[in-house]
Amino acid sequence: MVTTEALRQIPFVDLKTQYRSIAGEVNQAITNVLESTAFILGKEVSLFEGEFAAFCGAKYAVGVDSGTSALEMALRAYDIGPGDEVITQGNTFIATTLAISYTGATPVLVDIDPLTSMIDVSAIKKAITAKTKAIIPVHLFGHPADMNPIMAVAREHNLVVVEDACQGHGARYKGARVGAIGDIAAFSFYPGKNLGAYGDGGMIVTNNESVAGKIKVLRDVGQRQKYYHEVKGYNHRLDSLQAAILRVKLKYIDQWNEARRQNAAYYNDLFKDLDVVTPVTAEGCEPVFHLYVIRSDRRDALKHFLQERGIATGIHYPI
Ligand SMILES: *Cc1c(COP(=O)(O)O)cnc(C)c1O
């Protein structure tokens, strides 16, 4: 029996409800992979890569084992490494800066636009030095970064733009999907992301054929042809099982994102007379609300108040 008490619990993420709505299809997809025993790369991964590239409106997509790997491989594909500086925003998740550090490059953190919480383009301009090689704008919380002025600055200074789209699957900026606007983009399929696997996974999206080809070699122990190791590669492949699951979920992502936008609009309405700052959607943007983030001067008290009433919240990011 479901008690009134249980009904009042609002978890921060509820993966079970979503799974139940597609269980038949997902279980069949998993069984098909088990029956085929093609666990590494293969048909499911290449089909998903094609479908995900099409979803983004980009030419190429390369599956990898996490969003963090996607960011790192994207930077490596452009030969970014020791001595180089990469600009990103201070309020992002640690993985953005970890990926920069892994290559040996130096992360340079800049401030955000206080209205949208996205990277501040004037702060990017001030941070550019002779060592700057790339900019990583983050579509944080599922809201697109202001890509047009970022691309203009990047072109002027000959910098690579790597979109961190790990929270942005399906978001649109002036009509275009995020992931197809910069030079290259990284997505995460961590289970709690808008498009989540049942384990780890990630994707690199680009319109650059040679860069996509380079990453295919890099992710698979440096080989294009079995046992011919052209470069010092990595084991950063996307699992076939995850690809099969994600192919099922990709069919629903637009519908799920629309439901998130409707919930956000509902919350905006409920919060409008309260002393909290609700999320701002910049002009021409269609966010996907990976997170619905509000700001309050009494944050900890508000969190406690909600917690006592069974409503879970998170702080992004607490430290
Ligand atoms: C989740 C996330 C990542 C890393 O993705 P993983 O798949 O967990 O490695 C990178 N950047 C941002 C902004 C993220 O939210």
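Since only Pro318, Met203, Val138 are under comparison, the one whose Cα sits farthest along the positive direction of the charge dipole of the chain, derived from C-beta charges on Lys, Arg, Asp and Glu, is Met203. Grouping the Cα pair distances of the chain into 20 Å bins from zero gives a pair-distance distribution of 32, 56, 12, 0 percent in increasing distance order. Accessible surface of Lys216, taken over heavy atoms with a 1.4 Å probe and every protein chain present, rounds to 90 Å².
Per atom type, the chain shows carbon and sulfur on 54% of its accessible surface, probed at 1.4 Å.
Between the C-alpha center of the stretch 82-135 and that of the stretch 213-262 there is a gap of 25 Å. For the residue pairs Lys43/Lys232; Lys193/Lys303; Lys43/Lys216; Lys59/Lys214; Lys174/Lys249; Lys193/Lys249, the C-alpha atoms sit more than 18 angstrom apart in Lys43/Lys232; Lys193/Lys303; Lys174/Lys249.
The calculated P(r) of the stretch 160-319, using every Cα pair and 10 Å bins from 0, goes 9, 29, 31, 19, 9, 3, 0 in percent.
The listed residues Tyr317, Tyr190 rank as Tyr190, Tyr317 when sorted by accessible area, largest first, using a 1.4 Å probe. Taken per residue, the accessible surface of the chain reaches 50 Å², heavy atoms only and a 1.4 Å probe. Computed log10 I(q)/I(0) for the stretch 132-200 at 0.15, 0.22, 0.29 Å⁻¹: -0.46, -0.86, -1.25, from the Debye equation with unit scatterers placed on every C-alpha and solvent omitted. Whats the longest run of the chain with zero chymotrypsin sites (Phe, Trp or Tyr not before Pro) that are DSSP loop and have at most 16 other Cβ atoms within 10 Å? Longest run free of exposed loop sites: 40-226. Every Cα-Cα pair of the stretch 121-237 was included, and the share exceeding 24 Å stands at 36 percent.
The values are calculated or read from the model by the stated rules, or taken from the named source; none is laboratory data. All figures in this text were calculated on a predicted structure; none of them were measured in a lab. Methodologically, a virtual Cβ is constructed for each residue, glycine included, from the backbone with ideal geometry; neighbour enumeration extends over all protein chains shown. Keep in mind that these areas ignore ligands, DNA and RNA; they rest on the heavy atoms of the full protein, side chains included. Shrake-Rupley method; radii C 1.70, N 1.55, O 1.52, S 1.80 Å.
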